Amino acid sequence: MTELLKVRDLRTNFYTYRGVVKALNGVDLTIDTEEFFGLAGETGCGKSVTALSIMRLIEEPGKIEGGKIIFNGRDLLKLSEDEMRRIRGKEISMIFQEPKTALNPVFKVNFQIAEAISEAYNLKTKEAVKKVEGVLKDVEMADPSKVAEQYPHELSGGMAQRVLIGMTLSAKPKLLIADEPTSSLDVSIQAQIMKLMNDLVKKLKISVLLITHDLGLIAENCNRVAIMYAGNVVECGDVRTIFKKPAHPYTIGLLAALDMSKERGNLLTIEGIVPDLVNPPPGCRFHPRCPSVMKICSVEKPRTLEISSGHSVACFLYDNGRRLDDG
Amino acid sequence: MVGISDLRSNFKRWKMEHKSQIEDLQYSLHLWRRSPLSIVGSILVLSIIITAIFVPYIAPYDPIEQDIKKRLGPPSWDHPFGMDNLGRDILSRVIYGTRVTLMIALIVTAIGGSIGTLLGVVAGFLGGRVDEVLMRITDMFLAFPRLILALAFAAALGPSLNNMMIAIAIVDWPIYARLARGQALSIKREDYIEAARGIGASKWRIMFLHILPVCSSPIIVQLTLHMGTVILTAAALGFIGLGAQPPTPEWGVMVSDGRPYIMNQWWVSTFPGLAIMIAVLGFNLLGDGIRDILDPKLRR
Amino acid sequence: MMDDAILSVENIKKYFPVQGGLLLRVIGYVKAVDDVSFDIKNGEIFGIAGESGCGKTTLGRTILRLIEPTSGKIYFKGKNILDLKGRELQEIRRDMQIVFQDPYSSLHPRKMVADIVGEPLIVHEKAKKSEIRGRLVELMKLVGLSEEHLYRFPHEFSGGQRQRIAIARALVLNPKFLVLDEPTSALDVSVQAKILNLLWELKENLELTYLFVTHDLAVMEHISDRIAIMYLGKIVEIGAKRNIFSSPLHPYTEALLSAIPIPDPELKKERIILRGEVPSPYNPPMGCRFSSRCPNATEKCIEQEPELAEFRPDHFVACHEYN
């Protein structure tokens, strides 16, 4: 396992009428090869913006302000658009939440998959078409020859997502970014798709960056996870540690809120609401809602500390691997 | 006696209650400022409106007074737009014409727009037979070329300014009906309309207090954009003699009056024609600007 | 019908006709709700769980007569509400209200919150705006918002806040019965917890009865007293929460329970992964609707539809394995 993607201090802003939305406030991430990495957080935390920034798909009124995105030794932010295009879709691929809208409605499935294959392998479309059924079989599509002749609107959500997975993986990317790939699917279909992704990842030896708000999905599929809040990664580590021994007060609050075994009316909640990113709180962006807030939290942005092997947290409660208060 | 502190707290309350609406207005203003074309359009339309209001103070001469000795006089310092075939000052007639034109545009749009919108919302929401009937009626109207139909109605009613306005309104209402119906159809399945039914609101309440406000944006845009067409239609009918009757200074009639003299005394038709062009351009640009401001996808 | 039942649904069917061919004749039906019966006790939270297309949303709206059922009976406090018309029907709306799933489309985008929440009062009591301000402020506080929020527009609020506004609107006429159609599915985890707490508090303090529809079984396990599982328009299992979750009977229930992702990496789950796609409610399979995906399907299952029958006390299941 070596380092595949290293994001350091990524900052992205959106310039809107209401003001500058400071969406990413210095995001740090490291993904190794053959890793199933989860990026979790609630609405507005910046996980999708992070993915789009990595792919350099941020457009007006957004702008990547600074930082480094090192992929296979090269800083993606320093590449020209042409060089980036060679990486996008070939070495780093992305699939999105609504599979049916990602497919072109006027072309049949076989044409779209063939197009992806011919792009990836520089083949003529006629050659590529021969491989289409193979791809559909690889994504465990029932009745591949029938599906190949169908149009996107004739497919169910789950089938469409399989087609997209097939298309993106046919290029054999090193990193697959999946942004809420199963949120719009039923739970039973979700299980099928996640199993498929797991199988393919093992077979093709690629890395996956799974972006989702569903911590259950992360617990079941990922080996490491980063938790995001209001534009920062607040905690990162292997899944077992994060779920069993969460360090950051936000992670603790989030996991506690998920505990449905509590008595009715007594679910644990996090005080307050998500901050306005045009005027974010000074210092640590979580401090207005933190049950363990200290004076320094409203003044300085916390640095990321490694508190045990592979487990890092951005919180002033931790110093030299120890928790400062009694908590 | 109302003290100062009462006034202050009342004002504070008013500010709190209207804060959102004021902010919305400020945002609309911001969007307007960013679009140079809508600013141009607004200025043109505003100029026309102001001219129409202050007509007696702006027009240098009486529009009907004739001075036959000066007939067909070219543009000069005294008469910047020249004189027409009956010795009337064209500048004054064009200025007085703004009132006529504006009145036509507003009345036709108001009548056609309100009838069309109401019928369209009712048909779209109620569906079934009502919708079928309305659709077939609008089909009948829309099957004819608009100008021909307006001409037919105007001729049937008899040549006069009022009859012309009625004729154009009759021809225009189906446009608004179709538009409103489409809007009603797409909105009526929305959750917030279901919610209104859930609380027991009557069909009429839903149509006029829930659906209509949401339809209003595209309809206002259409109304503004359409003003230009109404002005042109009125001018066309005036040109043929079915609209305003002499000596009313309507721009279309004025263009028609200048027809025999177009070769040598070009100013008789040209200046009223320019006025028509500016008015139509102004309303079109304003309509485009309003559409961009009201477009929910461009907002927020 | 149970004695303490506030709502009793009997053989409710909702079929949507499908037109086709040149003459647009009716060529078939989408059987969204196909012969559903159950009772809801006064004061309980009755859950309906199932995936998309199972008919739970249609069922919720049909109970409120937002959609008219094709056949069947709905008894509310003893009266068949399908017999009601005009003024009487409007009166019933005071008692039965709904909170929709999508907080982004259930509030009128052009109206101020005060108008949205106050409208039921204007419709039913012909009250004037000045008279109802007090009541509106009270409601805002009840759902955790403040007076100044009354004068804002829906787009200025977050999802959780909008849902609170929707709840306030549902409560303004003091209803007895609330249909909650996926009220927290569109919300973030931490917000969901707050809304669920709020819903419980309101139920206890205002003595309400809830019909809670959701696909999220973790939430279902937390909030409900009794649960019905729906599949393709039919109820396949009904029982007390404890029983459904600890000893599910129907194979679909088992699969559904095993499919929930659990935020605990140590729990290695025996995942039952169902093969195939969810069939559509148009032309459902003959016999048992679930037979095409059921791991235990037999000949009988494909030919004959199983009846919903009581297998254990107060625990009903529709499956040939148990009949």
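Cross-link partners for A:Lys202 among the aspartates and glutamates, with Cα-Cα distance under 19 Å and sequence neighbours closer than 8 places in the same chain left out: A:Glu3, A:Asp32, A:Glu34, A:Glu35, A:Glu91, A:Asp138, A:Glu140, A:Glu220, A:Asp238.
Structure remark: mean-square fluctuation, Gaussian network model of chain A, C-alpha springs under 10 Å; the largest value among A:Val27, A:Val239, A:Val299 belongs to A:Val299. For region C:83-239, build the charge dipole from Cβ charges (+1 Lys, Arg; -1 Asp, Glu) around the Cα centre, then report which of C:Leu198, C:Leu178, C:Leu121 sits farthest towards its positive end. Farthest towards the positive pole: C:Leu121. Among beta bridges identified by DSSP and lying wholly in region C:132-263, the antiparallel ones come to about 55 percent. Charging the Cβ of each Asp and Glu at -1 and of each Lys and Arg at +1, and nothing else, the dipole of region A:158-229 about its Cα centre rounds to 480 debye.
For chain B, the dipole from Cβ point charges (+1 on Lys and Arg, -1 on Asp and Glu) about the Cα centre works out to 800 debye, to the nearest 20. Take chain C and mark each of the GluC sites (Glu not before Pro) that is in a DSSP loop with at most 16 other Cβ atoms within 10 Å; the longest unmarked stretch, sites excluded, is C:1-206. Restricting the count to DSSP beta bridges whose residues both fall in the protein assembly as shown, what percent are antiparallel, rounded to a multiple of 5? Antiparallel bridges: around 65 percent, rounded to the nearest 5. Pull out a ≥ b ≥ c, the square roots of the eigenvalues of the alpha-carbon gyration tensor of region A:19-94, then state rounded if a/c is under 1.5, prolate if not and a/b is larger than b/c, and oblate in the remaining case. Verdict is oblate for region A:19-94. If you run the Gaussian network model on chain A, springs between alpha carbon atoms under 10 Å, then out of A:Ala226, A:Ala116, A:Ala191 the most flexible one is A:Ala191. Across the options B:Ala110, B:Ala195, B:Ser28, the greatest Cα extent toward the positive end of the charge dipole of region B:22-294 (unit charges at beta carbon of Lys, Arg, Asp, Glu) belongs to B:Ala195. Overall form of chain B: oblate. Here a/c, set by the Cα gyration tensor axes a ≥ b ≥ c, is 1.5 or more, and a/b is not larger than b/c. Using a Gaussian network model of chain A in which every pair of alpha carbons under 10 angstrom is joined by a spring, one finds that among A:Gly19, A:Gly265, A:Gly44 the greatest mean-square fluctuation is at A:Gly265. Our helix-only sum for the protein assembly as shown, with -39,500 (n - 2.57) per DSSP H run of n ≥ 4 divided by its residues, gives a mean residue ellipticity at 222 nm of -14000 deg cm²/dmol. Protection proxy ranking of C:26-35, B:24-33, A:159-168, B:228-237, by the mean of other Cβ atoms within 10 Å over each peptide's residues and highest first, is A:159-168, B:228-237, C:26-35, B:24-33. Checking the Cα-Cα distances for A:Lys131/A:Lys172; B:Lys188/C:Lys111; C:Lys13/C:Lys300; A:Lys124/A:Lys146; C:Lys56/C:Lys111 against a 19 Å cut-off, the pairs over it are C:Lys13/C:Lys300; A:Lys124/A:Lys146; C:Lys56/C:Lys111. First check a/c for region C:5-322, with a ≥ b ≥ c the square roots of the eigenvalues of its C-alpha gyration tensor; if it is under 1.5, answer rounded, and if not, answer prolate when a/b is larger than b/c or oblate otherwise. In terms of gyration-tensor shape, prolate. Backbone geometry of region A:94-108 corresponds, through the Karplus equation with coefficients 6.51, -1.76 and 1.60 at θ = phi - 60°, to 3J(HN,Hα) couplings of 9, 10, 10, 6, 9, x, 5, 7, 7, 9, 6, x, 9, 10, 5 Hz, x marking Gly and Pro. Take every Cα pair under 8 Å whose residues are at least 6 apart in sequence, average their separation, divide by the length of region C:5-322, and the relative contact order is 20 percent.
Considering the dipole of the protein assembly as shown built from charges on the beta carbon (Lys and Arg +1, Asp and Glu -1) around the Cα centre, which of C:His250, A:Leu317, C:Leu217 is farthest to its positive end? The residue sitting most towards the positive pole is A:Leu317. Under 5 Å from the amide H of C:Val179 lie the amide H atoms of C:Gln97, C:Ile98, C:Val99, C:Leu211, each residue being 5 or more positions distant or on a separate chain, with H modelled from the backbone and absent for Pro and chain starts. In sequence order, region B:232-244 has phi-based couplings of 5, 5, 4, 4, 4, 5, x, 4, 7, x, 9, x, 5 Hz under the Karplus curve 6.51 cos²θ - 1.76 cosθ + 1.60, θ = phi - 60°, and Gly or Pro positions carry x.
Every number in this text was worked out from the coordinates using simple rules, so none of it is lab data. Remember, predicted model here, so these are calculated numbers, not experimental data. Don't worry about glycine lacking a Cβ; one is built from the backbone with ideal geometry, like all the others, and counts go over all protein chains shown.
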